[in-house]
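Data first, discussion second: the structure below is written as structure tokens.
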Amino acid sequence: MIRDSFHSRIGFVLAAAGSAIGLGNIWGFPTNAANNGGGAFLFVYLIVTFLLALPALYAEIYIGNQAQKNPVSALGEACTENLPRFGRAMGKAGLCGAIMMLSFYTIVAGWMLSHALSSLSALAGFSELSVWLATDNTTRNLVFTPIFIILGASIVHQGVHGGIEKWSSRLMPLLLLMLIGLIIYILQQDGAMEGLRTYLIPDFSQVTDPTLVISAMGQAFFSLSIGVGGMMVYGSYMAKDKDIGKLVLSIGALDTFIAFLAGLLIIPALFVAQYAGQQVFANEKLIGEGQLIFQILPTLFSSMGTIGLVVATGFFSLLSIAALTSTISSTEVPVSYLVEEKSMSRRKATWLISAIVFSASMTLIAFFDVLFGFVIRVLTTIVQPLSCLFYFIVVGWLWNRGNKLKDKARLDANKWLSLWGNYLGIACPILLTVVFVNVAF
Ligand code: PFF
């Protein structure tokens, strides 16, 4: 069977950026930053992204690209001479991570969708419907989460070129413009400057706080879609031996810039809301498991008058699309495995995985208070970092077959390549382990 693939380099970059840029940037990053001291979080986030997350992204794409196979086979093959079973087991762990990610992501994406429709129905004059759509309630989750799962599935089952490449990232420049416009607006409101200071001036006494460091690392891995095989599977759909370093830098720069801008909007917006008398923090933490942003943003939009409704509709629609392009890369991980290894048709695999995601997200909705935050923490602070540790070791040490980093002649000819190999194989695993040990003790 001929594997589907991206038809161009730019197709890959757009799809990978589409996977990276999503709710993690606009909802996850500002929530985490607000909960962890603002500037201190931003400072550590940038360092961790540069030192660990970008190298991990390189390693993940590299493994997939060399293998030209789904993540389970790619990791199994990467460990052929050593522990192929272990490699495959790690691939399957990533696959479970992708399903975990989808179980909560589709819920949050459903919130985006319902907020977009809420502003639209307010514009159309259906004010009761609009209020219901903007109010957090279980029925709303039960309606919008499945709608979102079906939307994602209907793109994935069309395949890589026809579905994923075509859909990814076309509307991202619009999101960027909208963010900038909103930042300019919010910075003129009372209370915004205090938010800006909190966000941009780090309190250095906090930067060594283990909880902050592990949250920043988890956030960076999540934001760049690494550690569950999403980028590996995209790397496998790209023609072999492209300059992965350059691709990684452009994806990383785009993703980090959007997260930074989202912080520049949301953190001042939180302080503006607080200035206006809304309760935002309790014990220095944001109230309400990340849902607060969905109360703050509509307040911000409604302060703009009728035009605010148009802006809100556009903003939440774009966020829904950004969430969709992230959802499809995560769904592609188990789907590619079922198609390639279990000889299932793409259509059947997509709907099977969607059914599993549906059950998982319904369980999360049923036990929201206990499970929602817990699943996010387990995924971002345990599953993703451990997978990345494994990728580093695979690329740095184990992989001999066609591995540039182990190719003696090439290494001798290129000192930078050899330095990079050592950085990935030795420095990164040590750094990651140090973070873990620090958190544990
Ligand atoms: N990077 C995405 C975001 O920031 O919203 C989330 C994500 C997508 C994580 C795909 C993992 C993944 F495989």
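The values are calculated or read from the model by the stated rules, or taken from the named source; none is laboratory data. As the structure is a prediction and not an experimental result, all values here were calculated from the model. Backbone-built Cβ (ideal geometry, glycine too); neighbour counts: all protein chains shown. Note: areas computed on protein heavy atoms with side chains; ligands, DNA, RNA excluded. Shrake-Rupley method; radii C 1.70, N 1.55, O 1.52, S 1.80 Å.
A few remarks follow.
- Residue list for the range 345-371, filter: within 16 Å of the ligand (Cβ to nearest atom) and either open to solvent by 40 Å² or more (accessible area, probe 1.4 Å) or under 16 Å from the mean Cα position of the chain (by Cα) (or both): I356
- The residue of the range 81-112 that is least open to solvent (accessible area, probe 1.4 Å), among those that are assigned to a helix (DSSP H, G or I) and away from the ligand (no atom under 16 Å from the Cβ), is G87.
- The lone criterion from (1) within 16 Å of the ligand (Cβ to nearest atom); (2) farther than 22 Å from S19 by Cα left unmet by V394 is number (1).
- When the helices (runs of 4 or more DSSP H) confined to the range 184-292 are screened for residues that are within 16 Å of the ligand (Cβ to nearest atom) and under 30 Å from S330 (Cα atoms), those reaching at least 2 such residues are found at 210-223, 230-236, 244-275.
- Filter result for T350 (more than 30 Å from A122 (Cα to Cα), at pLDDT below 95, in a helix (DSSP H, G or I) and hydroxyl-bearing (S, T, Y)): yes
- Single residue of the range 57-72 satisfying the filter (over 10 Å from Y391 (Cα atoms) and of a type in the set (G, A, S)) that is farthest from the chain's Cα centre (by Cα): A67
Results for (1) under 26 Å from R88 (Cβ atoms); (2) open to solvent by 60 Å² or more (accessible area, probe 1.4 Å); (3) within 16 Å of the ligand (Cβ to nearest atom), shown as yes or no for each residue.
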position: L297; (1), (2), (3): no, no, no
position: I321; (1), (2), (3): no, no, yes
position: L324; (1), (2), (3): no, no, yes
position: S330; (1), (2), (3): yes, no, yes
position: S343; (1), (2), (3): yes, yes, no
position: I376; (1), (2), (3): no, no, yes
position: L379; (1), (2), (3): yes, no, yes
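- Among the residues making up the range 29-57, those that are open to solvent by 10 Å² or more (accessible area, probe 1.4 Å) and among the small types (G, A, S) are A34, G37.
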